[in-house]
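Encoded as structure tokens, the structure appears first; notes follow it.
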Amino acid sequence: MRSTLYIWRRPTGTEGRGQAIKTIPELETLYEAVVPGALAKVSPRLTPRYREWIGASRFVVLSTVGPEGTDASPRGDIEPVVRIADDQTILLPDWRGNNRLDSLRNIIADGRTSLMFMVPGCPNVVRVNGTAILTADGDLTRSFERDGKCPRTVIVFTVKEVYFQCAKALMRSGLWSGEDLSASVPTAGQFIKELKSEFDADAYDNGYGEYAKERMW
């Protein structure tokens with residue numbers, strides 16, 4: 001289970017954090033009218049072009065909300081990360097992970113769910129909003145079998161709207177530039193060691209590749 005969700009409140013006398021915007025009209029006065037194309041690109045179903053794009057994606061971010069807070073979970077595969085059942089239904093197998101079950105708990109508590117698909121080298125992302133349920137149906141889980149292994153559950157996602165996100169965010173970040181910045185950030189082992197001083201970060205980082213190899217599915 002996750003730790004208690006804390007609601008941030010601005011401490012009295014702090015500087016540099018700004019005054020909170022509290023109403024929608026107040027927010028809207030700060031921006032120009034919505035670009036017409038941003039509304040025209042929205043579809044209530046998976047069109048052939050959106051199906052083609054999602055079918056090429058091996059990586060998606062699954063966003064959920066529940067009583068303990070929000071969650072965004074990366075999901076990836078060596079082939080299409082989801083299966084499109086029909087124009088309103090997307091199937092996402094829950095392959096082996098860390099067993100925190102944050103996203104799955106949220107889906108059971110509150111079905112509102114979003115998916116954000118990425119394709120390497122493409123500056124656009126495709127966003128899908130809708131609702132989801134979780135199933136352990138044997139026929140469905142077995143249909144995803146790989147090397148004798150099946151997902152414990154499958155997320156069945158019902159599409160409410162789908163649209164592509166403008167490319168500016170990925171263009172600004174240079175996400176697909178091919179630049180390797182991994183040496184400039186902490187490793188997974190170092191994150192753990194920061195909280196648990198006796199932890200052997202080097203052993204964890206050096207051995208994780210082999211450890212994960214047999215636990216992908």
Only one of Ala109, Ala167, Ala136, Ala183 that is surrounded by 11 or more Cβ atoms within 10 Å (Cβ to Cβ), over 16 Å from the mean Cα position of the chain (by Cα) and at pLDDT below 95 | Ala167
For segment 200-217, pairs from a residue that is aromatic (Phe, Trp, Tyr) to a residue that is part of a helix (DSSP H, G or I) and at pLDDT 90 or above, with Cβ under 8 Å and 6 or more apart or across chains, are Tyr204/Ala188; Tyr204/Gly189; Tyr204/Ile192; Tyr208/Ala188; Tyr208/Gly189
Which residues, counting only those in segment 139-148, are closer than 12 Å to Trp95 by Cβ, surrounded by 12 or more Cβ atoms within 10 Å (Cβ to Cβ) and in contact (Cβ under 8 Å) with a residue 24 or more places away in the chain?
-> Thr141, Phe144, Arg146
Scanning segment 46-64 residue by residue, the ones that are open to solvent by 60 Å² or more (accessible area, probe 1.4 Å) and in a loop (DSSP other than H, G, I, E, B) total 1
For segment 97-133, the count of residues that are of a type in the set (A, V, I, L, M, F, W, C) and either assigned to a loop (DSSP other than H, G, I, E, B) or touching an Asp or Glu at 6+ places or on another chain (Cβ under 8 Å) (or both) equals 5
Considering residues that are in contact with a Phe, Trp or Tyr (Cβ under 7 Å, 6 or more places away or on another chain) and either among the charged types (D, E, K, R) or assigned to a helix (DSSP H, G or I) (or both), the number found within segment 26-45 is 1
Could you please find all residues in segment 24-45 being open to solvent by 80 Å² or more (accessible area, probe 1.4 Å) and either touching a residue at least 60 places away in the same chain (Cβ under 8 Å) or of a type in the set (Val, Ile, Thr) (or both)?
-> Ile24, Thr29, Val34, Val35, Pro44, Arg45
Note on Ser114: of the conditions (1) crowded, with 16+ Cβ neighbours inside 10 Å; (2) farther than 21 Å from Leu170 by Cα; (3) touching a Gly at 6+ places or on another chain (Cβ under 8 Å), unmet is (2)
With Asp180, Asp202 as the choices, which residue is part of a helix (DSSP H, G or I) and out of contact with any helix residue (DSSP H, G or I) (no Cβ under 6 Å at 6 or more places or on another chain)?
-> Asp202
Taking segment 67-76 and the residues there that are open to solvent by less than 90 Å² (accessible area, probe 1.4 Å) and at pLDDT below 95, the one that is farthest from Val128 (Cα to Cα) would be Glu68
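The values are calculated or read from the model by the stated rules, or taken from the named source; none is laboratory data. This is a predicted model, so every value here is computed, not measured. Please note: Cβ atoms are built from the backbone with ideal geometry, for glycine as well, and neighbour counts cover all protein chains shown. Calculation scope for accessible area: heavy atoms of the full protein, side chains included, ligands and nucleic acids excluded. Shrake-Rupley method; radii C 1.70, N 1.55, O 1.52, S 1.80 Å.
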